[in-house]
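Reading through the C-alpha cells given below for one structure.
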Amino acid sequence: MTIAISLIGLAAGVVIGATGVGAGALMTPLLLQGFGLALPLAVGTDLWFAALTKISGAIAHHRRGHVAHAVVARLLVGSVPASLLTLAALRAGWIARAAAMGPALGVALLLTAALVLARGAWQRMAARVRWSARRRTALTVLLGAGIGVLVTLSSVGAGAIGSSVIVLLYPELPARKLVGTDVAHAVPLTLLAGAGYALLGHVDWTLLGALLLGSVPGIWIGARLCAALPERATRFGVSAALLFAGWKLIA
C-alpha cells in the first residue's frame, strides 16, 4: 500500500513539476476521491504536502535573488491574519467545516482552472493596467487576505491564484521573480494553515510521508520534462481535470 501511495505521489510530482500548477489544486481532489479522506483531513494533509514540496524551491529562488521580498511581505500582511482568523472560526465551530470547505474547494479549483487556461490573456490584460503605489499596496494586502481565507478552507489558491494576483498587480516583475515571489509567499502561509489543522487533528502523517517519498523525485523529473511537453496541451489537460473536480464538488 505504501508503494502504491508513493507511486501516486510520484505521478502528482511529475505533473506539478511539468505544469507549475500548485500541489493543493492537484492533491486535494486526489485525497478526497482516490483515498476517501474526510474533507478536513484531506485539506490538512494537503496543506503540509504543499508546504513541504515548495520549501526547497523557495530556498533556491531566495538564493538566486528571485524573490520580491516587499511583495511577499504585503501579501503576508493580509494572508496570515486572515488564515489565523479562519482557523479560529473553524476551531470555535463558527464555520461548519463540511458546509464551508466543500464549496470553497470547488470554487478554488474552478478559479484555478480558469486562470491556468487563460494565463496568456490574463498577463496581456495585466500589462495594460496602471496602479498607483498606494492602491497597489492596499490591493496586495486585501487580495492576500482573500488568498489566506481560501487556502485555509480549501488548501488551494497559494499557487495559481497567488501568482495571478502578483501578475495583475506587479506585471513589471520578470517571470523568474513572479514564480519565486509566489513560492516564497505560499510556504509560510501553507505551513501556518497546516499547523492549525495539525492542532485540530486533521493531518494523516503516514499518508503524507508516503506521498512525499514519491513526489520529491517526481517534481525533479517533471521539471526536466517541462521543456519537452507542448505547453498549451498540458495547460488544457490540467485545466480540464481541475474543472471536472471542481464541478463535482459544487454540483
Q) For segment 146-160, how many residues are farther than 15 Å from W48 by Cα and not in a helix (DSSP H, G or I)? A) 0
Q) Quick one: which of G102, G57, G65 is closer than 30 Å to V14 by Cβ, modelled with pLDDT under 90 and assigned to a loop (DSSP other than H, G, I, E, B)? A) G65
Q: State whether one or more residues within segment 179-186 are closer than 16 Å to S155 by Cβ and at pLDDT below 80.
A: no
Q. Quick check: is even one residue across segment 189-205 crowded, with 21+ Cβ neighbours inside 10 Å and charged (D, E, K, R)?
A. no
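Out of contact with any Ser or Thr (no Cβ under 8 Å at 6 or more places or on another chain), within 15 Å of V71 (Cα to Cα) and free of Cβ contacts under 8 Å to residues at least 12 places away in the same chain, is that true of A121?
Values: out of contact with any Ser or Thr (no Cβ under 8 Å at 6 or more places or on another chain): yes; within 15 Å of V71 (Cα to Cα): no; free of Cβ contacts under 8 Å to residues at least 12 places away in the same chain: yes.
No: the conditions fail for A121.
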Q: Within segment 37-51, identify whether any single residue is closer than 20 Å to P103 by Cβ, over 18 Å from the mean Cα position of the chain (by Cα), modelled with pLDDT of 80 or more and surrounded by fewer than 20 Cβ atoms within 10 Å (Cβ to Cβ), and answer yes or no.
A: yes
Q: Determine the pairs where a residue that is in a helix (DSSP H, G or I), located within segment 184-211, has a partner that is among the basic types (K, R) with Cβ atoms under 7 Å apart, the partner being 6 or more residues away or on another chain.
A: A186/K54; V187/K54
Q: Please give the number of the condition S155 fails out of (1) at negative phi; (2) buried (at least 20 other Cβ atoms within 10 Å of the Cβ); (3) not β-branched (V, I, T).
A: (1)
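The values are calculated or read from the model by the stated rules, or taken from the named source; none is laboratory data. None of the values given here were measured: they were computed from a predicted structure. Here the Cβ is made from the backbone with ideal geometry for all residues, glycine too, and neighbour counts use every protein chain on show.
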